[in-house]
Amino acid sequence: MGANCCHDVKFDGMDPAYKRALIWVILINAGMFLVEMPMGFVGQSQALKADALDFLGDTFTYAISLAVIGKAASLRAKAALAKGVSLLLMGIWVLASTIYSVFYQPQPEAIIMGSIGFAALVANLLSVLFLLRFKDGDANVRSVWLCSRNDAIGNIMVMLAASGVWASGTGWPDLIVAAIMASLFLWSALSIIQQSIGELRQHRMDTD
Ligand SMILES: [Zn+2]
């Protein structure tokens, strides 16, 4: 789930095996974004679209981690700011289209929602397996766990929404879960933006 999600995961390792693991995790997350977002359209599910945003955010996170290994802190803050702004725009779009869906009431496909939600859960667990081999400090292990746990909660919420849609024969469970997830996601994007602006200011003061 978007809130408190993986934007604080920091690794400083130069280990080539670690870089390889990061590349795998980037591919898994980017791949799942490219599957879940279109399936959100096919299955008319806002919750899938909202959950897909998290894969995009994590793709950015790990790509930035990989790109800035050994580089200046200000570069990292600039990359984080760009990430925060793009996530904010996508979050606004998902939330706005969820509100719009309240009025035209699409009928989401429970089977698509449930199976893609399950695939997303597997993808997240797989990412954890790749990353946990590189625990080089308690803080890292903790942030990987927290982030994966939040993501798993998001995936399970999508599956719960799928069973709700199936049981009720309406799209309401999908819209409610999507609205919650998109709001948490917006909140998290705003905090990334705020934090990176703070870091950039701090950096400017340090260099002046
Ligand atoms: Zn995540």
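Looking across the stretch 176-192, just one residue is more than 15 Å from W93 (Cβ to Cβ) and either in contact with a Ser or Thr (Cβ under 8 Å, 6 or more places away or on another chain) or of a type in the set (F, W, Y) (or both), and that is W187. How about the stretch 107-118: which of its residues are open to solvent by less than 40 Å² (accessible area, probe 1.4 Å) and either of a type in the set (F, W, Y) or part of a helix (DSSP H, G or I) (or both)? A110, I112, M113, G114, I116, G117, listed by residue number. What pairs can you find where one residue is in the stretch 20-44 and within 10 Å of Y62 (Cβ to Cβ), the other is among the basic types (K, R), and their Cβ atoms are less than 8 Å apart, with a gap of 6+ or different chains? Listed pairs, sorted by first residue: A21/R133. For the stretch 96-106, a residue qualifies if it is closer than 18 Å to I180 by Cα and open to solvent by 40 Å² or more (accessible area, probe 1.4 Å), and the qualifying residues are A96, I99, Y100, V102, F103, Q105. Tell me, please, whether a residue that is of a type outside the set (F, W, Y), buried (at least 22 other Cβ atoms within 10 Å of the Cβ) and modelled with pLDDT of 90 or more can be found in the stretch 189-205. Checked the stretch 189-205: no residue is of a type outside the set (F, W, Y), buried (at least 22 other Cβ atoms within 10 Å of the Cβ) and modelled with pLDDT of 90 or more. The criterion of being among the β-branched types (V, I, T), under 30 Å from A21 (Cβ atoms) and within 13 Å of the ligand (Cβ to nearest atom) does not hold for I193.
Return yes or no: is W172 hydrophobic (A, V, I, L, M, F, W, C) and within 16 Å of the ligand (Cβ to nearest atom)?
On the way: hydrophobic (A, V, I, L, M, F, W, C): yes; within 16 Å of the ligand (Cβ to nearest atom): no.
Against the criterion (hydrophobic (A, V, I, L, M, F, W, C) and within 16 Å of the ligand (Cβ to nearest atom)), W172 does not qualify.
The values are calculated or read from the model by the stated rules, or taken from the named source; none is laboratory data. Source: prediction; values computed, not measured. Neighbour counts run over all protein chains shown; Cβ positions are idealised from the backbone, glycine included. To get the accessible areas, we keep the full protein, side chains included, count just its heavy atoms, and leave off ligands, DNA and RNA. Shrake-Rupley method; radii C 1.70, N 1.55, O 1.52, S 1.80 Å.
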